[in-house]
Amino acid sequence: MVLFVTGLCRFRCFYCPVSPVRNQKDVVYANERRVLRDADVLEEARAIGAAGTGITGGDPLGVVDRVEHYVRLLKREFGEAHHIHLYTHEPNPEKLRKLAAAGLDEFRLHIPHYLWGPLAADGVAYRSVLEEAPSWGIRRGVEIPVLPEKEAELRRLLVALEEIGVDFVNLNELEFSETNEEKMRERGYRQDVRAGWGVRGSRAVAERIVRETHLRVPVHYCSSRFKDGVQLRQRLLRRAERTAPGFAERTPDGTVVLGIVEAGSTGDLARWASGVARRTGVGPDDYRLDLARRRVELAPGALRRAAGRLPWPAFEVEEYPTADALEVERNPLNPAARSKAAIVAGGV
Ligand code: SF4
């Protein structure tokens with residue numbers, strides 16, 4: 001599970017990928033679910049069968065007491081085996097030691113690109129926190145995006161990390177996002193069309209480094225495509241398996257396909273929903289009423305067969321099985337739906 005503990009951050013990295021709805025806002029999300037109480041965190045962890053949690057932000061150490069609370073909560077609920085790691089930009093031994101004592105298993109230090117090199121002089125705070133961490137009983141790694149023009153500095157940094165003996169280094173492909181696109185283009189970065197949102201040159205530098213530097217410290221590389229294509233997909237598949245209704249169709253990408261019938265604006269929704277079920281010929285366990293979105297959901301096949309007879313807009317939708325149910329496709333199945341779609345497209 002990805003636990004986003006705050007969008008506030010005093011570092012202003014030009015490549016920051018945090019989305020505009022979260023950036024510099026003090027909000028908490030467990031995956032895509034907005035967290036308002038502890039139960040939201042625990043329910044989301046159960047919904048995806050989480051084996052561990054990655055705590056991220058924003059700057060998690062800016063809300064260290066909140067992070068400590070969640071570490072204790074997750075360990076208490078799911079036991080010691082629930083692995084928890086934290087991403088941070090701040091080399092703060094007091095805060096990290098406190099979190100290690102609360103049960104944090106690992107931190108991944110994000111070293112700013114202007115300090116890449118031997119970690120002497122201005123980089124010494126980063127060196128000391130990495131050197132001290134084993135005495136707190138915690139694993140420590142370094143996780144950074146690969147800036148293609150910084151290959152020499154990155155190589156020197158890896159030598160320093162080898163001397164320190166960090167547990168691992170994760171290199172991420174530098175990537176464009178909605179938030180950073182303008183700043184990245186101003187700096188002259190271009191998209192590598194073969195690499196999804198990856199920046200041209202980032203992958204080649206990372207691959208060269210992984211191939212050529214023979215270090216004892218494990219160096220991993222994570223591409224932009226892998227993150228979306230594998231990590232996200234795995235999480236969606238796990239969530240769909242646990243939360244999608246039996247009548248939904250599941251796709252190999254982890255999304256779910258549903259038939260939906262949208263209600264008019266007034267009236268008793270429960271009564272209306274059982275009327276929809278009767279007219280489409282589905283049993284009481286084969287549909288559900290979504291009160292918030294004022295719609296009935298049922299098997300897409302059953303709705304395709306019956307949609308033409310319904311006076312209400314009927315659609316087939318494909319969506320993420322996430323708490324925000326992001327819709328990726330919508331097809332109208334009857335005249336009422338087609339005229340609604342035309343009105344929306346016309347902006348009326
Ligand atoms: S430390 Fe992370 S959250 Fe903060 S600005 Fe940099 S990339 Fe964004």
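Quick notes on this structure:
- Residue in the range 64-75 that is within 16 Å of the ligand (Cβ to nearest atom) and either open to solvent by 30 Å² or more (accessible area, probe 1.4 Å) or in contact with a Pro (Cβ under 7 Å, 6 or more places away or on another chain) (or both) present: yes
For (1) farther than 26 Å from Glu173 by Cα; (2) at pLDDT 95 or above; (3) within 16 Å of the ligand (Cβ to nearest atom), each residue gets a yes or a no:
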site: Tyr15; (1), (2), (3): no, no, yes
site: Val21; (1), (2), (3): no, no, yes
site: Val35; (1), (2), (3): yes, yes, no
site: Leu42; (1), (2), (3): yes, yes, no
site: Gly49; (1), (2), (3): yes, no, no
site: Gly54; (1), (2), (3): no, yes, yes
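- Enumeration of residues in the range 144-168 that are open to solvent by 10 Å² or more (accessible area, probe 1.4 Å) and closer than 17 Å to Tyr114 by Cβ: Pro145, Pro148, Glu149, Lys150, Glu151, Ala152, Glu153, Arg155, Arg156
- Residue within the range 99-117 that is out of contact with any Ser or Thr (no Cβ under 8 Å at 6 or more places or on another chain) and of a type in the set (Lys, Arg) present: no
- Here Tyr221 fulfils each of the conditions (1) hydroxyl-bearing (Ser, Thr, Tyr); (2) in contact (Cβ under 8 Å) with a residue 24 or more places away in the chain; (3) not in a strand (DSSP E or B) apart from (3).
- With respect to (1) closer than 20 Å to Cys16 by Cβ; (2) free of Cβ contacts under 8 Å to residues at least 40 places away in the same chain, the lone exception for Asn180 is condition (2).
- Filtering the range 23-33 to residues that are open to solvent by 20 Å² or more (accessible area, probe 1.4 Å) and either more than 16 Å from the ligand (Cβ to nearest atom) or in a helix (DSSP H, G or I) (or both) leaves Glu32, Arg33.
- For Ile209, the conditions (1) in a helix (DSSP H, G or I); (2) open to solvent by 50 Å² or more (accessible area, probe 1.4 Å) are fulfilled apart from (2).
- Residue list for the range 185-206, restricted to those being part of a helix (DSSP H, G or I) and loosely packed, with under 13 Cβ neighbours inside 10 Å: Arg185, Glu186, Val193, Arg194
- Look at (1) charged (D, E, K, R); (2) within 30 Å of Arg34 (Cβ to Cβ); (3) surrounded by fewer than 18 Cβ atoms within 10 Å (Cβ to Cβ) and you find that Arg279 fails only one, number (2).
- Single residue of the range 34-44 satisfying the filter (part of a helix (DSSP H, G or I) and in contact with a strand residue (DSSP E or B) (Cβ under 7 Å, 6 or more places away or on another chain)) that is nearest to Arg76 (Cα to Cα): Val41
- When the range 287-326 is filtered for residues that are surrounded by 13 or more Cβ atoms within 10 Å (Cβ to Cβ), assigned to a loop (DSSP other than H, G, I, E, B) and under 31 Å from the mean Cα position of the chain (by Cα), the ones remaining, listed by number, are Arg294, Ala299, Tyr320, Pro321, Thr322, Ala323, Ala325.
- Among the candidates Thr243, Thr179, residue that is in contact with a Cys (Cβ under 7 Å, 6 or more places away or on another chain), open to solvent by 20 Å² or more (accessible area, probe 1.4 Å) and not hydrophobic (A, V, I, L, M, F, W, C): Thr179
- Residue pairs meeting the criteria (Cβ under 9 Å; at least 6 apart or on separate chains; first under 12 Å from Leu310 (Cβ atoms) and modelled with pLDDT of 90 or more, in the range 259-281; second open to solvent by less than 10 Å² (accessible area, probe 1.4 Å) and of a type in the set (D, E, K, R)): Gly259/Glu297; Ile260/Arg295; Ile260/Glu297; Val261/Arg295; Val261/Glu297; Glu262/Arg295; Ala263/Arg295
- In the range 202-219 there is no residue that is under 29 Å from Arg33 (Cα atoms) and modelled with pLDDT of 90 or more.
- Boolean, Phe4 is open to solvent by less than 50 Å² (accessible area, probe 1.4 Å), within 16 Å of the ligand (Cβ to nearest atom), aromatic (Phe, Trp, Tyr) and in contact with a helix residue (DSSP H, G or I) (Cβ under 8 Å, 6 or more places away or on another chain): no
- Applying a threshold of 6 Å to beta carbon distances and a minimum spacing of six or more residues, or different chains, the list of pairs starting in the range 10-24 at a residue that is touching a residue at least 12 places away in the same chain (Cβ under 8 Å) and closer than 17 Å to Glu90 by Cβ and ending at one that is small (Gly, Ala, Ser) and near the ligand (Cβ under 9 Å from one of its atoms) reads Gln24/Gly7.
- Verdict on Asn23 being under 20 Å from Glu143 (Cβ atoms) and touching a Cys at 6+ places or on another chain (Cβ under 8 Å): yes
The values are calculated or read from the model by the stated rules, or taken from the named source; none is laboratory data. Keep in mind it's a predicted model, so treat the numbers as computed, not measured. Here Cβ is always computed from backbone atoms with ideal geometry, including for glycine, and neighbour counts include all displayed protein chains. In case anyone asks, the SASA skips ligands and DNA or RNA and just uses the protein heavy atoms, side chains included. Shrake-Rupley method; radii C 1.70, N 1.55, O 1.52, S 1.80 Å.
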